[in-house]
Amino acid sequence: CRAGLHGTGASGPDQPSHVLSFPLPYSLSRLALMTPDAFLHHSASTAQETYYQALVDADLDALMAIWVDDDSVLCILPSGERLSGLDAIRDTHEEVFAQGGVRVTCHELQSFETATVSVHHVIEQFDFNPPDEAPQRFLAYATNVFLRTPHGWQLMLHHASQAGDEIELSTPAPTQLH
(Lines give C-alpha, C1' and ligand atoms only; values in the text may rest on other atoms or scores of the structure.)
Protein backbone atom coordinates (compact mmCIF):
# COMPACT_ATOMS: atom_id res chain seq x y z
CA CYS A 1 0.00 0.00 0.00
CA ARG A 2 1.61 3.25 -1.14
CA ALA A 3 0.01 5.40 1.55
CA GLY A 4 0.69 2.99 4.39
CA LEU A 5 3.82 2.25 6.35
CA HIS A 6 6.28 -0.20 4.93
CA GLY A 7 9.02 -1.88 6.91
CA THR A 8 11.53 -0.34 9.27
CA GLY A 9 15.04 0.92 8.92
CA ALA A 10 17.86 -1.39 9.91
CA SER A 11 19.50 -0.96 13.26
CA GLY A 12 21.69 -2.95 15.51
CA PRO A 13 25.31 -3.48 16.43
CA ASP A 14 26.39 -3.96 12.78
CA GLN A 15 24.68 -0.80 11.50
CA PRO A 16 25.88 2.81 11.84
CA SER A 17 24.03 4.97 14.35
CA HIS A 18 22.58 7.27 11.64
CA VAL A 19 20.38 4.50 10.19
CA LEU A 20 16.69 5.10 10.86
CA SER A 21 14.95 2.71 13.21
CA PHE A 22 11.28 3.73 12.95
CA PRO A 23 8.61 2.86 10.37
CA LEU A 24 9.05 4.68 7.07
CA PRO A 25 6.44 5.70 4.52
CA TYR A 26 6.63 3.74 1.27
CA SER A 27 8.44 6.47 -0.63
CA LEU A 28 11.18 6.61 2.00
CA SER A 29 11.78 2.87 2.36
CA ARG A 30 14.47 3.14 -0.34
CA LEU A 31 16.70 5.24 1.91
CA ALA A 32 20.01 3.46 2.11
CA LEU A 33 22.97 4.28 4.25
CA MET A 34 23.42 7.86 3.07
CA THR A 35 25.92 10.38 4.31
CA PRO A 36 24.94 14.06 4.42
CA ASP A 37 27.48 14.82 1.64
CA ALA A 38 25.49 12.62 -0.77
CA PHE A 39 22.55 15.01 -0.76
CA LEU A 40 21.92 17.67 -3.41
CA HIS A 41 19.75 19.73 -1.05
CA HIS A 42 21.15 19.54 2.46
CA SER A 43 18.00 21.07 3.91
CA ALA A 44 14.33 21.28 3.06
CA SER A 45 14.64 25.07 3.18
CA THR A 46 17.26 24.95 0.42
CA ALA A 47 14.99 22.69 -1.61
CA GLN A 48 12.11 25.13 -1.14
CA GLU A 49 14.28 28.07 -2.26
CA THR A 50 15.26 26.06 -5.36
CA TYR A 51 11.58 25.36 -6.12
CA TYR A 52 10.56 29.03 -6.01
CA GLN A 53 13.67 30.18 -7.89
CA ALA A 54 12.87 27.67 -10.66
CA LEU A 55 9.41 29.25 -10.95
CA VAL A 56 10.92 32.74 -11.21
CA ASP A 57 13.55 31.63 -13.74
CA ALA A 58 11.08 29.53 -15.78
CA ASP A 59 13.60 26.69 -15.42
CA LEU A 60 11.64 23.52 -16.11
CA ASP A 61 14.61 21.18 -15.56
CA ALA A 62 15.38 22.69 -12.15
CA LEU A 63 11.69 22.61 -11.22
CA MET A 64 11.31 18.95 -12.14
CA ALA A 65 14.56 17.96 -10.40
CA ILE A 66 13.16 19.16 -7.07
CA TRP A 67 10.18 16.77 -7.27
CA VAL A 68 10.43 13.22 -5.88
CA ASP A 69 10.77 10.76 -8.77
CA ASP A 70 7.46 9.06 -8.03
CA ASP A 71 4.15 9.24 -9.89
CA SER A 72 2.29 9.80 -6.61
CA VAL A 73 3.54 13.42 -6.39
CA LEU A 74 0.76 15.99 -6.28
CA CYS A 75 0.52 19.70 -7.06
CA ILE A 76 -2.65 21.69 -6.34
CA LEU A 77 -2.50 25.13 -7.96
CA PRO A 78 -4.11 28.23 -6.38
CA SER A 79 -6.78 27.97 -9.10
CA GLY A 80 -7.77 24.59 -7.65
CA GLU A 81 -6.37 22.62 -10.59
CA ARG A 82 -5.05 19.23 -9.43
CA LEU A 83 -1.85 18.00 -11.10
CA SER A 84 -1.27 14.34 -10.28
CA GLY A 85 2.05 12.82 -11.31
CA LEU A 86 5.24 14.14 -12.82
CA ASP A 87 3.92 14.29 -16.39
CA ALA A 88 0.98 16.53 -15.43
CA ILE A 89 3.27 18.81 -13.40
CA ARG A 90 5.79 19.04 -16.25
CA ASP A 91 3.16 19.68 -18.95
CA THR A 92 1.39 22.45 -17.01
CA HIS A 93 4.58 24.25 -16.00
CA GLU A 94 5.93 23.98 -19.53
CA GLU A 95 2.85 25.92 -20.71
CA VAL A 96 3.22 28.50 -17.93
CA PHE A 97 6.96 28.94 -18.58
CA ALA A 98 6.34 29.50 -22.29
CA GLN A 99 4.84 32.83 -21.14
CA GLY A 100 7.94 33.65 -19.03
CA GLY A 101 8.78 33.16 -15.37
CA VAL A 102 6.38 33.50 -12.48
CA ARG A 103 6.95 36.57 -10.31
CA VAL A 104 6.53 34.98 -6.90
CA THR A 105 7.86 35.76 -3.45
CA CYS A 106 7.60 33.23 -0.66
CA HIS A 107 6.84 34.38 2.90
CA GLU A 108 7.52 31.64 5.46
CA LEU A 109 4.90 31.18 8.14
CA GLN A 110 5.62 27.86 9.82
CA SER A 111 7.63 24.72 9.29
CA PHE A 112 7.87 21.35 10.95
CA GLU A 113 10.68 18.89 10.31
CA THR A 114 11.58 15.34 11.29
CA ALA A 115 14.54 13.30 10.08
CA THR A 116 12.72 12.36 6.86
CA VAL A 117 9.78 14.76 6.34
CA SER A 118 9.57 18.55 6.35
CA VAL A 119 6.30 20.48 6.07
CA HIS A 120 6.36 24.20 5.20
CA HIS A 121 3.31 26.45 5.31
CA VAL A 122 3.92 29.68 3.42
CA ILE A 123 2.20 32.63 1.82
CA GLU A 124 2.98 32.96 -1.88
CA GLN A 125 2.87 36.48 -3.28
CA PHE A 126 2.36 36.65 -7.05
CA ASP A 127 2.89 39.98 -8.82
CA PHE A 128 1.55 40.59 -12.32
CA ASN A 129 2.04 43.52 -14.68
CA PRO A 130 -0.52 42.95 -17.42
CA PRO A 131 -0.11 45.17 -20.48
CA ASP A 132 -2.32 48.27 -20.41
CA GLU A 133 -3.50 47.49 -16.84
CA ALA A 134 -2.50 48.41 -13.33
CA PRO A 135 -0.10 46.01 -11.56
CA GLN A 136 -1.87 43.26 -9.64
CA ARG A 137 -0.98 41.17 -6.60
CA PHE A 138 -2.36 37.74 -5.75
CA LEU A 139 -1.75 35.92 -2.45
CA ALA A 140 -2.06 32.20 -1.80
CA TYR A 141 -1.54 29.93 1.17
CA ALA A 142 0.66 26.99 0.27
CA THR A 143 1.81 23.84 1.99
CA ASN A 144 4.98 22.20 0.71
CA VAL A 145 5.86 18.69 1.88
CA PHE A 146 9.47 17.61 1.37
CA LEU A 147 10.90 14.12 1.82
CA ARG A 148 14.52 13.28 2.52
CA THR A 149 15.54 10.95 -0.31
CA PRO A 150 18.86 9.55 -1.53
CA HIS A 151 19.00 12.69 -3.73
CA GLY A 152 18.48 15.10 -0.84
CA TRP A 153 15.30 16.89 0.19
CA GLN A 154 12.70 16.71 -2.57
CA LEU A 155 9.16 17.96 -2.99
CA MET A 156 6.34 15.42 -2.67
CA LEU A 157 3.33 17.74 -2.38
CA HIS A 158 2.59 21.38 -3.17
CA HIS A 159 -0.94 22.48 -2.23
CA ALA A 160 -1.88 26.11 -2.75
CA SER A 161 -5.18 27.86 -2.07
CA GLN A 162 -6.17 31.42 -2.82
CA ALA A 163 -5.81 33.56 0.29
CA GLY A 164 -8.49 36.00 1.33
CA ASP A 165 -8.27 39.76 1.02
CA GLU A 166 -7.76 40.14 4.77
CA ILE A 167 -4.07 39.19 4.60
CA GLU A 168 -1.57 42.00 5.00
CA LEU A 169 2.09 41.25 4.63
CA SER A 170 3.69 43.50 7.21
CA THR A 171 7.16 42.01 6.95
CA PRO A 172 9.30 41.61 3.85
CA ALA A 173 9.98 38.12 2.54
CA PRO A 174 13.13 36.55 4.01
CA THR A 175 14.41 35.94 0.47
CA GLN A 176 13.26 38.19 -2.36
CA LEU A 177 13.12 36.25 -5.61
CA HIS A 178 13.16 38.36 -8.75
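The values are calculated or read from the model by the stated rules, or taken from the named source; none is laboratory data. As the structure is a prediction and not an experimental result, all values here were calculated from the model. Don't worry about glycine lacking a Cβ; one is built from the backbone with ideal geometry, like all the others, and counts go over all protein chains shown. Areas reflect the complete protein model, heavy atoms only, side chains present, ligands, DNA and RNA absent. Shrake-Rupley method; radii C 1.70, N 1.55, O 1.52, S 1.80 Å.
Side notes on the structure shown:
- Residue match in region 144-153 (condition: of a type in the set (Phe, Trp, Tyr) and more than 15 Å from Leu63 (Cα to Cα)): no
- Selection from region 78-99 of residues that are open to solvent by 30 Å² or more (accessible area, probe 1.4 Å) and at positive phi: Gly80
- Unmet criterion (only one of (1) at pLDDT below 95; (2) within 19 Å of Tyr52 (Cβ to Cβ)) for Pro135: (2)
- Lone qualifier among Gln110, Gln125 - being polar (S, T, N, Q), surrounded by fewer than 10 Cβ atoms within 10 Å (Cβ to Cβ) and assigned to a strand (DSSP E or B): Gln110
- Exactly one residue out of Ala142, Ala115, Ala65 is assigned to a strand (DSSP E or B), closer than 17 Å to Gln154 by Cα and either in contact (Cβ under 8 Å) with a residue 60 or more places away in the chain or of a type in the set (Gly, Ala, Ser) (or both): that is Ala142.
- Going through (1) in a helix (DSSP H, G or I); (2) under 14 Å from the mean Cα position of the chain (by Cα); (3) surrounded by fewer than 17 Cβ atoms within 10 Å (Cβ to Cβ) one by one, Thr50 falls short only on (3).
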